[in-house]
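Novice: Sharing a structure with you now.
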Amino acid sequence: MGLKILRFVFMAAAVLCTAVGGLLSILCIINQTQHNIAFQNIYFVQLNTTSLFSVKNATELAQTIGQEVGGSLADQLAEVIEKDNPQVEALVTQLEREMKKVSNVPDWYSVGLWNYCKGSSKDYTNPTSCTKPSSKYYFNPIEMIENDLSNAAKTQVSLHLSDEAQYGLKISKGICYALRALYVLGFMFFIFTLASVLVSWCPFFGPLLVSVCCFFATVFTLVAACMAVAFYRVVISKVEENITMLNIPMELGKKVYAYSFISAAAGIAALIFFFIANLTSYSPV
């Protein structure tokens, strides 16, 4: 009788861990396609474009393009900005606001698994608009920025990257597809694990099925989490190197990676609990 109660306790703990793993997994999958309280700030990367139209940034860009021109307007403007003059600072701030308003370029982009969203610096939680979720979507920050700059300038704007960076963006397409597949498979196997608990009473076959499903759920989720962290870290580093003059900082999200690794940890815990529960089902001869 005692072993039955013990088995029930460990089985219940395993089911709870599996449910937690599946719940966190689906949050990672849905992320930027929903924006209610449960899905806020779940993104892989966020790009901050608030400094894109700053006057200081514009002068640096002008100097980079035309360094051979002595006494350029950019040099003069930069010299004035460096002086601590409240009136000049107020004028510069107003100019930045007007440039931003006319351009219609968002203050930030947040990148998800199926799409990306953009919004205003007044609210970094709720986006003003999002692209339509698509299975063909992949992370291409250059294309995102080019599209909005082109709309603002009313002409095609192209950002030139090194061959290495262009090759990296091509590879990112395959990696994004792989990430989607891994996250979805991980969630599916969490569901299969919960379903297989119903037949776990069958000798040998039941416990084996539960363990196999839980194992694959854990592996797929853990691989997806590790791949996402490595991929987006490398992409951020390479893209920032190539568009330094635009001054667009990027940062990794926190929630999506925390959810991913906690989901994998819940899967590992479930595996351990299932194993102990199965051991208690065998009575000594």
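Novice: Return only the number of the condition from (1) among the β-branched types (Val, Ile, Thr); (2) over 24 Å from the mean Cα position of the chain (by Cα); (3) surrounded by fewer than 16 Cβ atoms within 10 Å (Cβ to Cβ) that ILE171 does not satisfy.
Specialist: Every listed condition holds for ILE171 apart from (2).
Novice: Another question about this same structure. Check whether at least one residue in region 251-266 is of a type in the set (A, V, I, L, M), under 22 Å from LEU169 (Cβ atoms) and either out of contact with any Lys or Arg (no Cβ under 8 Å at 6 or more places or on another chain) or assigned by TED's automatic domain parsing to the domain that holds PHE44 (or both), and report yes or no.
Specialist: Going residue by residue through region 251-266, those that are of a type in the set (A, V, I, L, M) are 252, 256, 258, 262, 264-266.
If we keep only those that are under 22 Å from LEU169 (Cβ atoms) as well, we get 252, 256.
Now drop any that are not either out of contact with any Lys or Arg (no Cβ under 8 Å at 6 or more places or on another chain) or assigned by TED's automatic domain parsing to the domain that holds PHE44 (or both), which leaves 252, 256.
Scanning region 251-266 turns up at least one residue that is of a type in the set (A, V, I, L, M), under 22 Å from LEU169 (Cβ atoms) and either out of contact with any Lys or Arg (no Cβ under 8 Å at 6 or more places or on another chain) or assigned by TED's automatic domain parsing to the domain that holds PHE44 (or both).
Novice: Checking the condition of a type in the set (Phe, Trp, Tyr) and either buried (at least 16 other Cβ atoms within 10 Å of the Cβ) or not assigned by TED's automatic domain parsing to the domain that holds SER237 (or both), which residue from TYR116, TYR124 passes?
Specialist: On the way: TYR124 fails: either buried (at least 16 other Cβ atoms within 10 Å of the Cβ) or not assigned by TED's automatic domain parsing to the domain that holds SER237 (or both).
Being of a type in the set (Phe, Trp, Tyr) and either buried (at least 16 other Cβ atoms within 10 Å of the Cβ) or not assigned by TED's automatic domain parsing to the domain that holds SER237 (or both) holds for just one of TYR116, TYR124, which is TYR116.
Novice: Now for a separate question. Considering each residue of region 183-216, count those that are in a helix (DSSP H, G or I), of a type outside the set (A, V, I, L, M) and either under 21 Å from LEU279 (Cβ atoms) or not assigned by TED's automatic domain parsing to the domain that holds SER263 (or both), and give that number. Talk me through it step by step, then tell me what you get.
Specialist: Taking region 183-216 and keeping what is in a helix (DSSP H, G or I), we get 183-199, 205-216.
Remaining after also requiring of a type outside the set (A, V, I, L, M): 183, 186-187, 189-190, 192-193, 196, 205-207, 211, 213-216.
Now drop any that are not either under 21 Å from LEU279 (Cβ atoms) or not assigned by TED's automatic domain parsing to the domain that holds SER263 (or both), which leaves 193, 196, 205-207, 211, 213-215.
Adding up the residues that qualify gives 9.
Novice: Still on this structure, I have one more. Would you be able to say whether some residue in region 208-218 is among the β-branched types (Val, Ile, Thr), touching a helix residue (DSSP H, G or I) at 6+ places or on another chain (Cβ under 8 Å) and touching a residue at least 60 places away in the same chain (Cβ under 8 Å)? Steps first, answer last, please.
Specialist: First, pick out the residues of region 208-218 that are among the β-branched types (Val, Ile, Thr): 210, 212, 218.
Next, only the ones that are touching a helix residue (DSSP H, G or I) at 6+ places or on another chain (Cβ under 8 Å) stay: 210, 218.
In the following step, the residues that additionally are touching a residue at least 60 places away in the same chain (Cβ under 8 Å) were identified as 210, 218.
There is at least one residue in region 208-218 that is among the β-branched types (Val, Ile, Thr), touching a helix residue (DSSP H, G or I) at 6+ places or on another chain (Cβ under 8 Å) and touching a residue at least 60 places away in the same chain (Cβ under 8 Å).
Novice: Taking VAL219 as the residue in question, decide whether it is at pLDDT 90 or above, surrounded by fewer than 18 Cβ atoms within 10 Å (Cβ to Cβ) and either of a type outside the set (D, E, K, R) or over 21 Å from VAL111 (Cα atoms) (or both).
Specialist: So VAL219 passes the test.
Novice: A follow-up question, please. For region 234-250, name all the residues that are among the β-branched types (Val, Ile, Thr), modelled with pLDDT of 80 or more and assigned to a helix (DSSP H, G or I).
Specialist: Step one: of region 234-250, the residues among the β-branched types (Val, Ile, Thr) are 234-236, 239, 243-244, 248.
Applying the additional criterion that residues be modelled with pLDDT of 80 or more yields 234-236, 248.
Those that are among the β-branched types (Val, Ile, Thr), modelled with pLDDT of 80 or more and assigned to a helix (DSSP H, G or I): VAL234, VAL235, ILE236.
Novice: Check off (1) under 20 Å from the mean Cα position of the chain (by Cα); (2) part of a helix (DSSP H, G or I); (3) surrounded by fewer than 22 Cβ atoms within 10 Å (Cβ to Cβ) for PHE273 and give me the number that stays unchecked.
Specialist: The failed condition is (1).
Novice: Another question, then. Modelled with pLDDT under 80 and within 22 Å of MET227 (Cα to Cα), is that true of LEU179?
Specialist: Working: modelled with pLDDT under 80: no; within 22 Å of MET227 (Cα to Cα): yes.
No: the conditions fail for LEU179.
Novice: Return yes or no: is GLY253 out of contact with any Gly (no Cβ under 7 Å at 6 or more places or on another chain) and either at pLDDT 85 or above or crowded, with 19+ Cβ neighbours inside 10 Å (or both)? Show your work before the answer.
Specialist: On the way: out of contact with any Gly (no Cβ under 7 Å at 6 or more places or on another chain): yes; either at pLDDT 85 or above or crowded, with 19+ Cβ neighbours inside 10 Å (or both): yes.
Against the criterion (out of contact with any Gly (no Cβ under 7 Å at 6 or more places or on another chain) and either at pLDDT 85 or above or crowded, with 19+ Cβ neighbours inside 10 Å (or both)), GLY253 qualifies.
Novice: Check whether at least one residue in region 124-142 is among the charged types (D, E, K, R) and part of a loop (DSSP other than H, G, I, E, B), and report yes or no.
Specialist: From region 124-142, those among the charged types (D, E, K, R) are 132, 136; that's our starting set.
Within this subset, residues satisfying the condition of being part of a loop (DSSP other than H, G, I, E, B) are 132, 136.
Within region 124-142 (the criterion being among the charged types (D, E, K, R) and part of a loop (DSSP other than H, G, I, E, B)), the answer is yes, since at least one residue qualifies.
The values are calculated or read from the model by the stated rules, or taken from the named source; none is laboratory data. In this text the structure is predicted, and so the values were computed from the model without any measurement. So basically every Cβ, Gly included, is an ideal-geometry build from the backbone, and we count neighbours across all protein chains shown.
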